[in-house]
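Trainee: One structure, as structure tokens, below. Some questions next.
The values are calculated or read from the model by the stated rules, or taken from the named source; none is laboratory data. None of these values were measured; they are calculated from a predicted model. Quick reminder, even Gly has a Cβ in these numbers, built from the backbone with ideal geometry, and neighbours come from all protein chains shown.
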Amino acid sequence: MLKSYEINNFKSFKNVTKFDLEKTNYQMLSDINTRNDILKGVLFVGANASGKSNSIIAIRFLLDCLLGKSDIAIESYICLFSGNPIMELKYNFVIDNNDIEYKISYQRIDKKLNEDLLLNGKNVFSRDGSVATVNITENITYADVPKNTFFLRDVYFNTKFRGSEPLQKWFEFLSNSVYLDLYKARAIQYRDIDLSLKSYLEEKGADGINSFFDECNFDQHIEYDKTSEGNLISLRAPEKIIYFKRKGIDEPIPYVLESLGNKNLLQLLPCFFHCIENGGMLLLDEFSSGFHNDLEELLIKYFMMKSCASQLIFVSHSTNLLSNSLLRPDQIYAVDFDGNGSRIKRFSSEKPRAAQNLEKMYLGGVFNGVPKYEYSIK
């Protein structure tokens, strides 16, 4: 699981910023929202354009670099309003009690890329520009490494980290991760499987989704077929499509006529189920898109209850999620933007008590990250 990550000169984060996913001394929700002292998820809140999305894009950057299907335009991630030519990122994971640290630095002027991988404090891979040394099974030095290629990616695909089970399990955890922008309905996955809604339904049918609906007391089911029969109407399509049926009505409603919230929910569920069942990180941008407050809360509770070695890292504007009954104070970060770029504040840094109302404290400015809009009528 992801223990922490640190970024410097990345996107809107001009200065060194550390995101910590280790649990603090809070006891609330310890049995549900944490595993082996690591949080099962964190929420980012804040004003529009404060840098919330960039907080999870920093994790997506790691996944794209090591497992993505296309080359990375590294320079496009460097902070635009910084004179610093060096971008630095550091990621710390715990896999089966093994500490794994991966560090990246990129020098824009001479396009120099450095990488370091440490396993339990021991350097097992090091890359300095065009030269790399791999110490996983034996010492091997490589010269003429391409400038814009993340060489650890090549080492993994060439060796599968044979002889190092912790690193194999680390890459398995990374490959099970998914990035999903609910506003754009766009998912990026890193394992060679198709988690699109259509593929999920073609392979598994509607039973899994309908079981989730039943378990969570939804008043609807779905059907995936060419035809659907109701009490009053029958619908037929040239190919299989999704039909919704409300309890008590039982007339088919085609997917295209459904609400944005229901569409987004169905797009989310295959990725949601996959990460819960297999481990990995579910990165959700614009989590609030079309969802009722109660549905957001339900999804978070469900993930925390059902997941084991999985993490939900997400962005939302819904302040009702700021509750000690749903998330611990150390699971929430407020994001601000000022003349020095984006900056974060962890709610736990103010040491709120279990009985205090986190939402009211946030809206009152205790944790920062609140927009200061004003309109005067004259």
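Trainee: Would you point out which residue out of Leu180, Leu197 is within 24 Å of Glu75 (Cα to Cα), touching a residue at least 40 places away in the same chain (Cβ under 8 Å) and either outside the structural domain of Leu283 (by TED's automatic domain parsing) or among the hydrophobic types (A, V, I, L, M, F, W, C) (or both)?
Mentor: The match here is Leu180.
Trainee: Out of contact with any helix residue (DSSP H, G or I) (no Cβ under 9 Å at 6 or more places or on another chain), buried (at least 16 other Cβ atoms within 10 Å of the Cβ) and not hydrophobic (A, V, I, L, M, F, W, C), is that true of Lys245?
Mentor: Values: out of contact with any helix residue (DSSP H, G or I) (no Cβ under 9 Å at 6 or more places or on another chain): yes; buried (at least 16 other Cβ atoms within 10 Å of the Cβ): yes; not hydrophobic (A, V, I, L, M, F, W, C): yes.
Yes; evaluated as a whole, the condition is true for this residue.
Trainee: Also, quick follow-up: Taking the range 155-190 as the search range and keeping residues that are in a loop (DSSP other than H, G, I, E, B) and of a type in the set (D, E, K, R), which one is nearest to Leu260 (Cα to Cα)?
Mentor: Residue satisfying both the conditions and the ranking: Lys184.
Trainee: Same structure again: Given (1) under 23 Å from the mean Cα position of the chain (by Cα); (2) touching a residue at least 40 places away in the same chain (Cβ under 8 Å), identify the lone condition not met by Lys345.
Mentor: (2)
Trainee: Here's another thing I want to ask about it. Evaluate the range 81-89: report whether one residue or more is among the polar types (S, T, N, Q), under 18 Å from the mean Cα position of the chain (by Cα) and in the same structural domain as His317 (by TED's automatic domain parsing).
Mentor: Among the residues of the range 81-89, not one is among the polar types (S, T, N, Q), under 18 Å from the mean Cα position of the chain (by Cα) and in the same structural domain as His317 (by TED's automatic domain parsing), which makes the answer no.
Trainee: Assigned to a loop (DSSP other than H, G, I, E, B), surrounded by 12 or more Cβ atoms within 10 Å (Cβ to Cβ), within 24 Å of the chain's Cα centre (by Cα) and in contact (Cβ under 8 Å) with a residue 60 or more places away in the chain - does that describe any residue in the range 98-111? Write out each step before concluding.
Mentor: The first filter runs over the range 98-111 and keeps only residues assigned to a loop (DSSP other than H, G, I, E, B), leaving 108-111.
After this cut, where a residue has to be surrounded by 12 or more Cβ atoms within 10 Å (Cβ to Cβ) as well, the list is 108, 111.
Within this subset, residues satisfying the condition of being within 24 Å of the chain's Cα centre (by Cα) are none.
The answer is no; no qualifying residue exists.
Trainee: Quick one: which residue in Leu43, Leu67, Leu62 is under 30 Å from Lys160 (Cα atoms), touching a strand residue (DSSP E or B) at 6+ places or on another chain (Cβ under 7 Å) and either in the same structural domain as Lys111 (by TED's automatic domain parsing) or of a type in the set (Lys, Arg) (or both)? Give the steps one after another, and end with the answer.
Mentor: On the way: Leu43 fails: under 30 Å from Lys160 (Cα atoms); Leu67 fails: touching a strand residue (DSSP E or B) at 6+ places or on another chain (Cβ under 7 Å).
Of Leu43, Leu67, Leu62, the one residue that is under 30 Å from Lys160 (Cα atoms), touching a strand residue (DSSP E or B) at 6+ places or on another chain (Cβ under 7 Å) and either in the same structural domain as Lys111 (by TED's automatic domain parsing) or of a type in the set (Lys, Arg) (or both) is Leu62.
Trainee: Here are the criteria: (1) in the same structural domain as Asp20 (by TED's automatic domain parsing); (2) without any contact (Cβ under 8 Å) to a residue 40 or more places away in the chain. Tell me which single one Ile377 does not satisfy.
Mentor: For Ile377, the exception is condition (1).
Trainee: For the range 105-123, which positions are among the aliphatic types (A, V, I, L, M) and at pLDDT below 95?
Mentor: Ile109
Each row is one residue, and each column tells you yes or no for (1) of a type in the set (A, V, I, L, M, F, W, C); (2) crowded, with 19+ Cβ neighbours inside 10 Å; (3) closer than 27 Å to Met87 by Cα.
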position: Asp31; (1), (2), (3): no, no, no
position: Gly41; (1), (2), (3): no, yes, yes
position: Gly46; (1), (2), (3): no, yes, yes
position: Lys52; (1), (2), (3): no, yes, yes
position: Leu63; (1), (2), (3): yes, yes, yes
position: Gly68; (1), (2), (3): no, no, yes
position: Ile74; (1), (2), (3): yes, no, yes
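Trainee: State all residues of the range 135-164 that are over 21 Å from Tyr106 (Cα atoms) and of a type outside the set (A, V, I, L, M, F, W, C); if no residue qualifies, say none.
Mentor: Asn135, Thr137, Glu138, Asn139, Asn158, Thr159, Lys160, Arg162, Gly163, Ser164
Trainee: Of the numbered conditions (1) closer than 23 Å to Gln356 by Cβ; (2) not in a loop (DSSP other than H, G, I, E, B), Thr24 satisfies every one except a single condition; which is it?
Mentor: The single condition Thr24 does not satisfy is (2).
Trainee: What are the residues in the range 188-234 that are among the β-branched types (Val, Ile, Thr), more than 25 Å from the chain's Cα centre (by Cα) and surrounded by 13 or more Cβ atoms within 10 Å (Cβ to Cβ), if any?
Mentor: Ile222, Thr227
Trainee: Shifting gears a bit: All but one of (1) modelled with pLDDT under 95; (2) surrounded by 14 or more Cβ atoms within 10 Å (Cβ to Cβ); (3) not basic (Lys, Arg) hold for Cys79; which doesn't?
Mentor: (1)
Trainee: Right, another one. Which of the residues that make up the range 216-233 are farther than 24 Å from Ser307 by Cβ and without any contact (Cβ under 8 Å) to a residue 12 or more places away in the chain? Walk me through how you get there before you give the answer.
Mentor: To start, the set of residues in the range 216-233 that are farther than 24 Å from Ser307 by Cβ comprises 219-221, 223-233.
Across the range 216-233, the qualifying residue is only Thr227.
Trainee: Look through Ala132, Ala58, Ala143 and report the one residue that is buried (at least 16 other Cβ atoms within 10 Å of the Cβ) and more than 26 Å from Val335 (Cβ to Cβ).
Mentor: Exactly one of Ala132, Ala58, Ala143 is buried (at least 16 other Cβ atoms within 10 Å of the Cβ) and more than 26 Å from Val335 (Cβ to Cβ), namely Ala132.
Trainee: Also: Got a sec? Which strands (runs of 3 or more DSSP E) wholly within the range 269-350 have at least 1 residues that are surrounded by fewer than 22 Cβ atoms within 10 Å (Cβ to Cβ), at pLDDT 95 or above and in the same structural domain as Gly51 (by TED's automatic domain parsing)? I'd like the intermediate steps shown before the answer.
Mentor: On the way: elements: 280-285, 310-315, 332-338, 341-346.
The strands (runs of 3 or more DSSP E) meeting that bar are 332-338, 341-346.
Trainee: Go through (1) buried (at least 21 other Cβ atoms within 10 Å of the Cβ); (2) over 22 Å from Lys351 (Cβ atoms) for Asn8 and report which single condition fails.
Mentor: Answer for Asn8: the failing condition is (1).
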